[in-house]
Amino acid sequence: MQQSKVRLSGRQADPEFFRFEERSELDYGLVLDVLHGRRLGVIFRDVIPPAARKELTERFWASPARQHREGEPSHYVGAYHWNKSADTYLREAAEVADHVQEVIDAPGSPWHTFRRGVNEALRQEGASLRVAEMDGRSASAALIRAWDKEGDFSLDPHEDEAQCKDARQAGFEIQRVLEHDICAVNMCTEHTAGGRLVIWNIRPDDATRHALGIELTGLPYTAEALADFEELRLDIREGDVYAFNGAFVHAVDANTGNRTTVSFIMGFTDAHTVVSWT
Ligand SMILES: [Fe+2]
């Protein structure tokens, strides 16, 4: 089907919800708001110490586990669960776990700072954050990525929910996050120019995914189909950490030079448990 002819269906948020809170210091209460579906997103400006940015970025580019695929977004260390079986994902995650850890264990790493802060905030409500597991195997702690794709978008418009519906991942606890809200987290350690976060005010439903043939991938939605909806474009700069509801269609627009981020997705599986994966 011609996607540009498809009228996307799904839920749209109220205007007062559809905005990013912006702060110059980390505030984990705002992150919990995203986790609980009380706000769209939050960006913390310039909160990664310069030395940590530099060291983490250098470890990423030097990593023997760094992979590059043409047309993909594009250099990365880590594993991603998108469009594969849980078994494959967990095996890949195990294979690169030490290399991922080497990158995110850079002194002053925002991965540790942020997760410690989220965990402490969650403790106030009797919950905690951990890496997702299945049968004693762990998800990837992070995916560290750098984009170099040309075109309107360096990461095509997509949402993070559809990929959690894959029957090949049945029984993997991340699928229970669909009953709650899905929170994408990104930490920018290197940035040259461009590469804004774009997010549209539409949470597509299964009917739309089915019509587009992207029920299990959530990718891609075309710019034409998204033109009907309000969009936000958010400048991302080196040192920024941001978190947002990944059920809304989002993308990264054109960028030049390197745009390196540490990322993961997280969400509640029950009132006491938040799990993360990649
Ligand atoms: Fe995403």
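Observations, loosely collected:
- Residues in region 134-160 that are within 15 Å of the ligand (Cβ to nearest atom), modelled with pLDDT under 95 and either in a loop (DSSP other than H, G, I, E, B) or closer than 15 Å to A86 by Cα (or both): W147, K149.
- Residue check for G239: in contact (Cβ under 8 Å) with a residue 12 or more places away in the chain and either touching an Asp or Glu at 6+ places or on another chain (Cβ under 8 Å) or acidic (D, E) (or both): yes
- If you check V241, V275 for being within 30 Å of T57 (Cβ to Cβ), within 16 Å of the ligand (Cβ to nearest atom) and modelled with pLDDT of 95 or more, only one passes: V241.
- Counting only strands (runs of 3 or more DSSP E) wholly contained in region 190-278, the ones carrying 2 or more residues that are open to solvent by 20 Å² or more (accessible area, probe 1.4 Å) and of a type in the set (D, E, K, R) occupy 231-234.
- Restricting attention to region 53-97 and to residues that are among the aliphatic types (A, V, I, L, M) and open to solvent by 30 Å² or more (accessible area, probe 1.4 Å), the residue that is farthest from P107 (Cα to Cα) turns out to be A94.
- Residue, nearest to the ligand (Cβ to nearest atom), within region 161-172, restricted to residues that are assigned to a helix (DSSP H, G or I) and open to solvent by less than 20 Å² (accessible area, probe 1.4 Å): Q163
- Residue-level check: of (1) more than 29 Å from L216 (Cβ to Cβ); (2) of a type in the set (D, E); (3) in contact (Cβ under 8 Å) with a residue 40 or more places away in the chain, D105 misses just (3).
- Selected residue [within 16 Å of the ligand (Cβ to nearest atom) and under 29 Å from F17 (Cα atoms)] from R130, R123, R196: R196
The values are calculated or read from the model by the stated rules, or taken from the named source; none is laboratory data. Everything quoted here is computed from the prediction, not taken from an experiment. When we count neighbours, we look across all protein chains shown, and the Cβ atoms used for this are built from the backbone with ideal geometry, even at glycine. The protein model used for the area step is the full one, side chains on, heavy atoms only, and it has no ligands, DNA or RNA in it. Shrake-Rupley method; radii C 1.70, N 1.55, O 1.52, S 1.80 Å.
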